[in-house]
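Below you'll find the structure, written out as structure tokens, and then a few comments.
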Amino acid sequence: MDSLKLSPQELDDLTDEERTALNAVMERAREFERVEEEDAHRPIEGQLLKWTNVVKGWQQRWFFLSPDGGLLHYFLSEDKKVMGPRGSLRLIGAVVQPSGEDQLMFSIVPQQGDPYKLKATTAKDRQLWIDRVRRVIEKHTTDVNTLVKAATASMPQQSGQEGSSISRNQSSFRKSKRTKPETDAASSTTTTKQVVDMNKVLHSLNSAHRNRVQINQFIEDSEKFSDPAVLRYKAASQVHLLAFD
């Protein structure tokens with residue numbers, strides 16, 4: 001769209017026919033952008049080949065791209081989607097690398113975890129997946145960067161922290177001059193707040209404990225998992241459960 005912007009002088013020099021043609025081109029460009037924006041929020045799914053390991057090689061898997069969640073899930077097959085994803089890749093900060101040697105192959109390299117080495121059935125299909133995955137990566141990475149900048153901007157500066165420290169010292173000095181009833185009341189208020197805060201902490205720990213137990217139970221009840229990421233998560237869950245106990 002930027003390439004279609006003209007200066008006022010250039011617009012004045014256009015004939016009526018040229019203006020009509022330019023308006024038609026700009027309208028088509030706006031329509032194309034609108035369709036692209038809609039596609040960016042529409043999930044896609046389909047079959048791709050996934051490199052498993054040296055022994056098994058390429059295996060057919062069913063993939064599902066979630067634009068809103070910023071995740072790429074894969075299943076053993078389309079009819080086994082009800083069993084849950086075999087694995088999921090978080091796309092924030094990930095990089096898509098098309099193969100220069102194979103026109104059907106591409107890789108998705110996440111910030112953490114193992115990359116996915118994939119193969120499409122046609123070059124057109126490969127390009128579709130590459131484009132859509134890159135849009136999701138760009139959207140979620142941009143959103144996270146925006147939140148980080150906003151959070152950083154809202155943090156107090158060093159001078160503000162020093163002023164706050166002085167204020168706390170002055171407040172502590174004034175508190176030391178209180179009469180005993182005032183001190184007892186302040187102590188009671190502080191104790192009550194600590195109890196409330198501790199209850200919140202215990203509630204969070206209990207919720208985390210229940211979530212870990214439920215996830216581990218799901219893993220045990222499902223078919224045998226061999227995906228390294230799932231096994232690592234299961235091991236970490238068991239360590240956390242031991243800590244809770």
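The values are calculated or read from the model by the stated rules, or taken from the named source; none is laboratory data. Treat the numbers as computed from the prediction; the structure is a model and nothing was measured. Every residue, glycine among them, receives a Cβ derived from its backbone with ideal geometry; neighbour counts consider all protein chains shown. Please note that ligands, DNA and RNA were not included when accessible areas were found on the heavy atoms of the full protein model with its side chains. Shrake-Rupley method; radii C 1.70, N 1.55, O 1.52, S 1.80 Å.
Enter the accessible area per residue of segment 1-139 (Å², integer; probe 1.4 Å; all protein chains in place).
On the way: 8890 Å² over 139 residues.
Heavy-atom accessible area per residue stands at 64 Å².
Ignoring ligands, DNA and RNA, what percent of the 1.4 Å accessible area of segment 34-119 is carbon and sulfur? Working shown, then result.
Numbers: 2400 of 4960 Å².
About 48 percent, which is the carbon plus sulfur part of the accessible surface.
Based on the mean of other Cβ atoms within 10 Å per residue, sort peptides 83-92, 41-50 so the most packed one is first.
Working: 83-92: 18.1, 41-50: 15.1.
So the peptides 83-92, 41-50, ranked by packing, come out 83-92, 41-50.
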